[in-house]
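These notes are about the structure you will find just below.
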Amino acid sequence: MLAVADTLAPGLTVNKGERVLVVGTSEFVWRPFLLAERLEKAGADVHFSSTSRSPIALGHAIDHALSFSDNYGLGIPNFLYNVRPGQFDRVLICTETPRQAVPAELIEALNAEVICDE
């Protein structure tokens, strides 16, 4: 099996104890997960999530949902669950698409930074 290199945002720094959410987009999750592990080793309090195109009803374990357009230009609604605006000090949306493809409403709602896989 081939290993995937941890090369996403190599110069990114975090503060010790900073509450960081790393979000992968759709199926682009492995390299963002490696980034999350690296930031945790650097001292941040890191959480990880990903966007989904699967609608889930609120209730039980799902207490909050954000809905936005997909970043692949397919016109498919996407969702991010259990992430509330202001919950984290820093939100990093990691994508394999160009930055301008990431929905502005998602970036604004979470005051997020976008990291593109280039």
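The values are calculated or read from the model by the stated rules, or taken from the named source; none is laboratory data. A quick note: this is a predicted structure, and the numbers were derived from the prediction, not measured. Positions of Cβ are backbone-derived with ideal geometry, glycine not excepted, and every protein chain shown enters the neighbour counts.
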Item to check | Scope the range 84-103; condition surrounded by fewer than 18 Cβ atoms within 10 Å (Cβ to Cβ) and in contact with a helix residue (DSSP H, G or I) (Cβ under 8 Å, 6 or more places away or on another chain); matching residues | outcome: P85
Item to check | Selection within the range 3-16 - within 13 Å of W30 (Cα to Cα) and either more than 19 Å from the chain's Cα centre (by Cα) or at pLDDT 95 or above (or both) | outcome: A3, L8
Checklist entry - Which numbered condition trips up A42, out of (1) in contact (Cβ under 8 Å) with a residue 24 or more places away in the chain; (2) surrounded by 18 or more Cβ atoms within 10 Å (Cβ to Cβ); (3) of a type in the set (A, V, I, L, M, F, W, C)? => result (2)
Item to check | Close pairs (7 angstrom Cβ cut-off, 6 or more residues apart or separate chains): within 15 Å of A112 (Cβ to Cβ) in the range 69-84, among the hydroxyl-bearing types (S, T, Y) and not in a strand (DSSP E or B) anywhere | outcome: N71/T97; N78/T51; L80/T51
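Can L2 be described as out of contact with any Asp or Glu (no Cβ under 8 Å at 6 or more places or on another chain) and of a type outside the set (G, A, S)?
Values: out of contact with any Asp or Glu (no Cβ under 8 Å at 6 or more places or on another chain): yes; of a type outside the set (G, A, S): yes.
It is true that L2 is out of contact with any Asp or Glu (no Cβ under 8 Å at 6 or more places or on another chain) and of a type outside the set (G, A, S).
Is the range 10-19 home to any residue that is among the small types (G, A, S), in a loop (DSSP other than H, G, I, E, B) and out of contact with any Asp or Glu (no Cβ under 7 Å at 6 or more places or on another chain)?
Initial filter on the range 10-19 (among the small types (G, A, S)): 11, 17.
Filter again for in a loop (DSSP other than H, G, I, E, B), leaving 11, 17.
Narrowing further to those that are out of contact with any Asp or Glu (no Cβ under 7 Å at 6 or more places or on another chain): 11.
Checked the range 10-19: at least one residue is among the small types (G, A, S), in a loop (DSSP other than H, G, I, E, B) and out of contact with any Asp or Glu (no Cβ under 7 Å at 6 or more places or on another chain).
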Checklist outcome for this item: Looking across the range 104-118 at residues that are of a type outside the set (A, V, I, L, M, F, W, C) and farther than 16 Å from S26 by Cβ, the single one that is surrounded by the most Cβ atoms within 10 Å (Cβ to Cβ) is E113
Checklist entry - Residues R90, R53, R84: which one is basic (K, R) and under 12 Å from the mean Cα position of the chain (by Cα)? => result R90
Item to check | Members of the range 1-39 found to be touching a residue at least 60 places away in the same chain (Cβ under 8 Å), over 17 Å from R99 (Cα atoms) and either touching a Ser or Thr at 6+ places or on another chain (Cβ under 7 Å) or surrounded by 17 or more Cβ atoms within 10 Å (Cβ to Cβ) (or both), listed by number | outcome: V14, V20, L21, L35
Next on the checklist: Of everything in the range 69-104, what is under 22 Å from F33 (Cα atoms) and part of a strand (DSSP E or B)? Give them in sequence order.
Outcome noted: N78, F79, L80, Y81, R90, V91, L92, I93, C94, T95
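For the structure I just gave you, tell me whether D117 is under 13 Å from P32 (Cα atoms) and not aliphatic (A, V, I, L, M).
On the way: under 13 Å from P32 (Cα atoms): yes; not aliphatic (A, V, I, L, M): yes.
For D117, the condition - under 13 Å from P32 (Cα atoms) and not aliphatic (A, V, I, L, M) - is met.
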